[in-house]
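Chemist: Just dropping this structure here.
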Amino acid sequence: MSRDPIYDILFEPIQIGPVVAKNRFFQVPHCTGLGYRDPSASAWLRGMKAQGGWGTVCTEQVEIHHTSDITPFIELRIWDDRDVPMLAKIADKIHAYDSLAGIELAYNGLNGPNLYGREVPLAPTGMSVESFTYDPVSAKTMDKQDIRNLRKWHRDAAVRGMNAGFDLVYVYAGHGLGFFHHFLCKRYNQRSDEYGGSLENRIRILKEIILDTKEAIGDKCAVPCRLTVNELMGKAGLETEEAKDIISSLAELPDLWDFCLAGWENDSQTSRFSQEGFQDQYRRGFKSLTTKPVVGVGRYTSPDKMVSLIKSGELDLIGCARPSIADPFMPKKIEEGRIDDIRECIGCNICVSGDFTMSPIRCTQNPSMGEEWRKGWHPEFIRAKESDKAVLIVGGGPAGLEAAQMLGKRGYEVTLAEKELNLGGRVLKESRLPGLAAWSRVVDYRLSQFNKLPNLETYFDSNLEPEHLLEFGIPLVGICTGSTWHRTGQGFNLRQPAEIDEKASVYSPDDIIADNLPKGKKVIVWDDDHYYMGNVLAELLIQKGYDISYITPAPEVASWTQNTMEQHLIQKQLMEMGGTIYPNLILAKIEEGLSKFTCSYTNREINHEMDAIVLVSSRYPNDSLFSAMIQRKDEWNDNGLEMVKAFGDCEAPATIAHAVYAGRRFAEELEAKPSKDIIVPFKREITELRS
């Protein structure tokens, strides 16, 4: 197959300063949670993007100096020449596929509390640092020598980036995270010298750094500038008109403009709160201010949308972070005419949670993300089958769908049995809830792969019992029959069932999803899950006319979604919809018409009248079939069974990303030959001490 000519424009080479990108697909800098701790994993991850056809592949932000570290976050570092070999490994992996390698130099300033180096943070104006963890640390106001030092540090880092082999060396003034952004913004920059006050003065340091960088490496490397075009704060922050003035003033200095929103939580909103390309409205008109190429993001997964952006003159390069995580091979699939094979980003921001939890990046759609080096997983390919044995997968939810399609690609004869009349399990049901429609892409992609696998058969309305599995005699069996929400309140805070009067009207999320709705209008949603389910159900019930009291033991709504950068939007939406929020309360007892809680700090009892309560706490695995098969293990051999394994929510309930990962792992490890030498099932880089 070959691409439709309508997409030819996406594969045109683009001149960026002294270098040329082979196409318009530009993986903008994004975090991975790997950084300096996992350099080989970082290199393989970026190399996979290049293999997938991205013309330009960039690192995450790279700290240029030890006086500005953002511990506990794990990013890359280019503090001195000893960091160069590690970074060169990343550039080499990208170059192996004829792609340009970009490095995003960053001096974090007010965003860096310096918990590792214990240096005093530097800022345009001394004030409290602005970190995600509310560190009780202040920065000092930079004097002229500090500014001269900063210019030298950035220049030295740029030279190191060039020596490491990078083709693009960023000047980072975006997302509210870059030091230069702080100089541009009046609320951070309250100086009265030539670096503060007027816009011309506030631009000065950015202009000097761009010129310094170009002078040092500009004949060999392109120098892009990543700039915030709006902070979505009104007059309190940087707005569109002021951003246009900045760009007009510096229009021809950088080799490329990379436009973004600030903060990061605005630029990378989840699909629950924004659609593909929502950033377009904030960039409109900026391209006309410069003759240099422009890149921008918008969670783009539609090739037609990409073409439209290029033809309209809005962008020269299609910037992607999250879509390149969900499908590192999206450019190749467009080039080869395989658009239906694109694994579209669902905008859940599980990828972002890796950075916030200081753990390797993960993706709901692409379970190989972060495992390219550690486990040798590839987003598109998997090793061939070990034998001609047939495989039965019981359960067509996210784990079963992933396992079945990957085993089919290995070449096994696969039978997928699903008790419902459709596939998708919890994903199919949850994607019908408010704001979660894009999550159905998890099912859509895998069903599209099913249609291309003649060795995969699906049976619906198949509520299998142990006798069926023994009767079938299929030797390799995977059971992924999902999970069920507790109706007892058991969860993070209650390890035992709550005391519940049998006359009380108690509902679980499964009831609400199945449209089994409470009688009466005064409903409590008790959320001890702290992710999306409690607040989504509260919104759904408000939409249906219920008077909702959202009660949680946490100090805020959906506390874990701080890691997906949407907590503030979730709480704002619930408040604006009229939900009443009661934080810091632990469920004690449920009676008819009344729920009793205790304050998590004082143990003071607080009662709430209600007609019904929805308990959103935790789930238990639907493992009865697996348990029954284990009990009858002595019958396996006589019936041709060799292996029965539980995985996904059936083994231990977790996120959808965990379930998809479990499905991929089942497919990867099936009939794998164990090695006696392997203790840890993935590679890791260890510091060895010399005696």
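Chemist: Could you tell me which of the residues Gly178, Gly174, Gly165, Gly161 is crowded, with 18+ Cβ neighbours inside 10 Å and out of contact with any strand residue (DSSP E or B) (no Cβ under 6 Å at 6 or more places or on another chain)?
Modeler: Numbers: Gly178 fails: out of contact with any strand residue (DSSP E or B) (no Cβ under 6 Å at 6 or more places or on another chain); Gly174 fails: out of contact with any strand residue (DSSP E or B) (no Cβ under 6 Å at 6 or more places or on another chain); Gly161 fails: out of contact with any strand residue (DSSP E or B) (no Cβ under 6 Å at 6 or more places or on another chain).
Just one listed residue meets the conditions, Gly165.
Chemist: Taking His486, is it without any contact (Cβ under 8 Å) to a residue 40 or more places away in the chain and more than 28 Å from Arg338 (Cβ to Cβ)?
Modeler: So His486 fails the test.
Chemist: Inspect all residues belonging to segment 208-215 and state whether any of them is polar (S, T, N, Q) and in contact with a strand residue (DSSP E or B) (Cβ under 7 Å, 6 or more places away or on another chain).
Modeler: Let us first name the residues in segment 208-215 that are polar (S, T, N, Q), namely 213.
Subsequent filtering for residues that are in contact with a strand residue (DSSP E or B) (Cβ under 7 Å, 6 or more places away or on another chain) retains 213.
Yes, some residue in segment 208-215 is polar (S, T, N, Q) and in contact with a strand residue (DSSP E or B) (Cβ under 7 Å, 6 or more places away or on another chain).
Chemist: Another question, if that's okay. I'd like to check something: does segment 122-129 contain any residue that is within 29 Å of Pro18 (Cα to Cα) and either at pLDDT below 95 or assigned by TED's automatic domain parsing to the domain that holds Ser324 (or both)? Before you say what the answer is, go through the steps one by one.
Modeler: Filtering segment 122-129 down to residues within 29 Å of Pro18 (Cα to Cα) leaves none.
Within segment 122-129 (the criterion being within 29 Å of Pro18 (Cα to Cα) and either at pLDDT below 95 or assigned by TED's automatic domain parsing to the domain that holds Ser324 (or both)), the answer is no, since none of the residues qualifies.
Chemist: Residues being of a type in the set (Val, Ile, Thr), surrounded by 17 or more Cβ atoms within 10 Å (Cβ to Cβ) and out of contact with any Asp or Glu (no Cβ under 7 Å at 6 or more places or on another chain): count how many of those fall in segment 117-136.
Modeler: Narrowing segment 117-136 to residues of a type in the set (Val, Ile, Thr): 120, 125, 129, 133.
Checking the rest, the ones that are also surrounded by 17 or more Cβ atoms within 10 Å (Cβ to Cβ) come to 125, 129.
Next cut, out of contact with any Asp or Glu (no Cβ under 7 Å at 6 or more places or on another chain) only: 125.
Total satisfying the criteria: 1.
Chemist: How do the strands (runs of 3 or more DSSP E) wholly within segment 472-557 filter down when requiring 1 or more residues that are under 30 Å from Leu392 (Cα atoms): which remain?
Modeler: 476-479, 483-485
Chemist: Of the conditions (1) within 28 Å of the chain's Cα centre (by Cα); (2) farther than 17 Å from Leu594 by Cα, Asn516 clears all except one; give me its number.
Modeler: So Asn516 meets the others, but not (1).
Chemist: In addition: Quick one: count up the residues across segment 266-309 that are in a helix (DSSP H, G or I) and touching a helix residue (DSSP H, G or I) at 6+ places or on another chain (Cβ under 7 Å).
Modeler: Residues meeting the conditions: 5.
Chemist: Of everything in segment 197-251 that's part of a helix (DSSP H, G or I) and basic (Lys, Arg), which residue is surrounded by the fewest Cβ atoms within 10 Å (Cβ to Cβ)?
Modeler: Among residues in segment 197-251 that are part of a helix (DSSP H, G or I) and basic (Lys, Arg), the one surrounded by the fewest Cβ atoms within 10 Å (Cβ to Cβ) is Lys235.
Chemist: Tell me, which residue of segment 463-479 that is touching a helix residue (DSSP H, G or I) at 6+ places or on another chain (Cβ under 7 Å), at pLDDT 95 or above and under 23 Å from Glu671 (Cα atoms) is surrounded by the most Cβ atoms within 10 Å (Cβ to Cβ)?
Modeler: For segment 463-479, the residue satisfying everything is Gly478.
Chemist: Right, here's the next one. Criterion first (in contact with an Asp or Glu (Cβ under 6 Å, 6 or more places away or on another chain), under 19 Å from Met358 (Cβ atoms), among the polar types (S, T, N, Q) and in the same structural domain as Pro224 (by TED's automatic domain parsing)) does Asn114 satisfy it?
Modeler: yes
Chemist: I've got another one for you. So which residues in segment 71-114 are at pLDDT below 95 and surrounded by fewer than 21 Cβ atoms within 10 Å (Cβ to Cβ)?
Modeler: Selection gives Thr71, Pro72.
Chemist: Please specify each residue of segment 254-299 satisfying the condition of being among the aliphatic types (A, V, I, L, M) and buried (at least 21 other Cβ atoms within 10 Å of the Cβ).
Modeler: Within segment 254-299, Leu256, Leu261, Ala262, Val294, Val295, Val297 qualify.
Chemist: Would you point out the residue of segment 439-483, among those that are of a type in the set (A, V, I, L, M) and within 35 Å of the chain's Cα centre (by Cα), that is nearest to Met330 (Cα to Cα)? If you could, list the steps in order and put the result at the bottom.
Modeler: Quick first cut of segment 439-483, residues of a type in the set (A, V, I, L, M) only: 442-443, 447, 453, 456, 464, 469-470, 474, 476-477, 479.
Now narrow it down to the ones that are within 35 Å of the chain's Cα centre (by Cα): 442-443, 447, 453, 456, 476-477, 479.
Values: Val442: 16, Val443: 18, Leu447: 18, Leu453: 20, Leu456: 25, Leu476: 33, Val477: 33, Ile479: 31 Å.
Here the answer is Val442.
Chemist: On to the next question. Can you pull out the residues in segment 313-336 that are assigned to a loop (DSSP other than H, G, I, E, B) and of a type outside the set (A, V, I, L, M)?
Modeler: Of all residues in segment 313-336, those assigned to a loop (DSSP other than H, G, I, E, B) come to 313-316, 321, 327-329, 336.
Selection gives Gly313, Glu314, Asp316, Asp327, Pro328, Phe329, Glu336.
Chemist: Of the residues that make up segment 339-351, is at least one in contact with an Asp or Glu (Cβ under 6 Å, 6 or more places away or on another chain), among the aliphatic types (A, V, I, L, M) and assigned to a loop (DSSP other than H, G, I, E, B)?
Modeler: yes
Chemist: If you don't mind, another one. Looking at Arg187, Arg160, can you tell me which residue is in contact with a helix residue (DSSP H, G or I) (Cβ under 8 Å, 6 or more places away or on another chain) and not in a loop (DSSP other than H, G, I, E, B)? Quick ask: steps written out before the conclusion?
Modeler: Working: Arg187 fails: not in a loop (DSSP other than H, G, I, E, B).
Within the list Arg187, Arg160, the selection yields Arg160.
Chemist: Look through segment 322-341, keep the residues that are among the small types (Gly, Ala, Ser) and buried (at least 21 other Cβ atoms within 10 Å of the Cβ), and return whichever of them is farthest from Ile16 (Cα to Cα).
Modeler: Across segment 322-341, the extreme among qualifying residues is Ala326.
Chemist: For segment 13-88, which fully contained strands (runs of 3 or more DSSP E) count at least 1 residues that are among the acidic types (Asp, Glu) and within 22 Å of the chain's Cα centre (by Cα)?
Modeler: 56-63
Chemist: Exactly one condition in (1) surrounded by 12 or more Cβ atoms within 10 Å (Cβ to Cβ); (2) assigned to a loop (DSSP other than H, G, I, E, B); (3) acidic (Asp, Glu) is false for Asp677; which is it?
Modeler: The one condition Asp677 does not meet is (1).
Chemist: Okay, moving on. Residue under question is Phe166, and the condition is that it be in contact with a Leu (Cβ under 8 Å, 6 or more places away or on another chain), of a type in the set (Phe, Trp, Tyr), in the same structural domain as Thr290 (by TED's automatic domain parsing) and without any contact (Cβ under 8 Å) to a residue 60 or more places away in the chain; does it hold?
Modeler: Criteria not met by Phe166.
Chemist: Determine if segment 126-134 includes at least one residue that is of a type outside the set (A, V, I, L, M), touching a Cys at 6+ places or on another chain (Cβ under 8 Å), in contact (Cβ under 8 Å) with a residue 60 or more places away in the chain and not in a helix (DSSP H, G or I).
Modeler: No, segment 126-134 has no match at all.
Okay, residues lined up against (1) under 30 Å from Gly55 (Cβ atoms); (2) over 29 Å from the mean Cα position of the chain (by Cα):
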position: Ala123; (1), (2): no, yes
position: Gly126; (1), (2): no, yes
position: Phe132; (1), (2): no, no
position: Ala139; (1), (2): no, yes
position: Ile147; (1), (2): no, yes
position: Val159; (1), (2): yes, yes
position: Leu177; (1), (2): yes, no
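Chemist: In addition: Looking at Ser440, Ser431, Ser448 in this structure, which one is touching a Phe, Trp or Tyr at 6+ places or on another chain (Cβ under 9 Å) and either surrounded by fewer than 23 Cβ atoms within 10 Å (Cβ to Cβ) or outside the structural domain of Ser274 (by TED's automatic domain parsing) (or both)?
Modeler: Values: Ser440 fails: touching a Phe, Trp or Tyr at 6+ places or on another chain (Cβ under 9 Å); Ser448 fails: touching a Phe, Trp or Tyr at 6+ places or on another chain (Cβ under 9 Å).
Among Ser440, Ser431, Ser448, only Ser431 is touching a Phe, Trp or Tyr at 6+ places or on another chain (Cβ under 9 Å) and either surrounded by fewer than 23 Cβ atoms within 10 Å (Cβ to Cβ) or outside the structural domain of Ser274 (by TED's automatic domain parsing) (or both).
Chemist: Return the residues of segment 560-593 that are closer than 17 Å to Asp527 by Cα and more than 30 Å from the chain's Cα centre (by Cα); say none if nothing qualifies.
Modeler: Leu585, Ile586, Leu587, Ala588, Lys589, Ile590 - these are the residues of segment 560-593 that are closer than 17 Å to Asp527 by Cα and more than 30 Å from the chain's Cα centre (by Cα).
The values are calculated or read from the model by the stated rules, or taken from the named source; none is laboratory data. Just so it is clear, the structure is predicted and the values come from calculations on it, not from any experiment. Glycine gets a Cβ as well: all are built from the backbone with ideal geometry, and neighbour counts include every protein chain shown.
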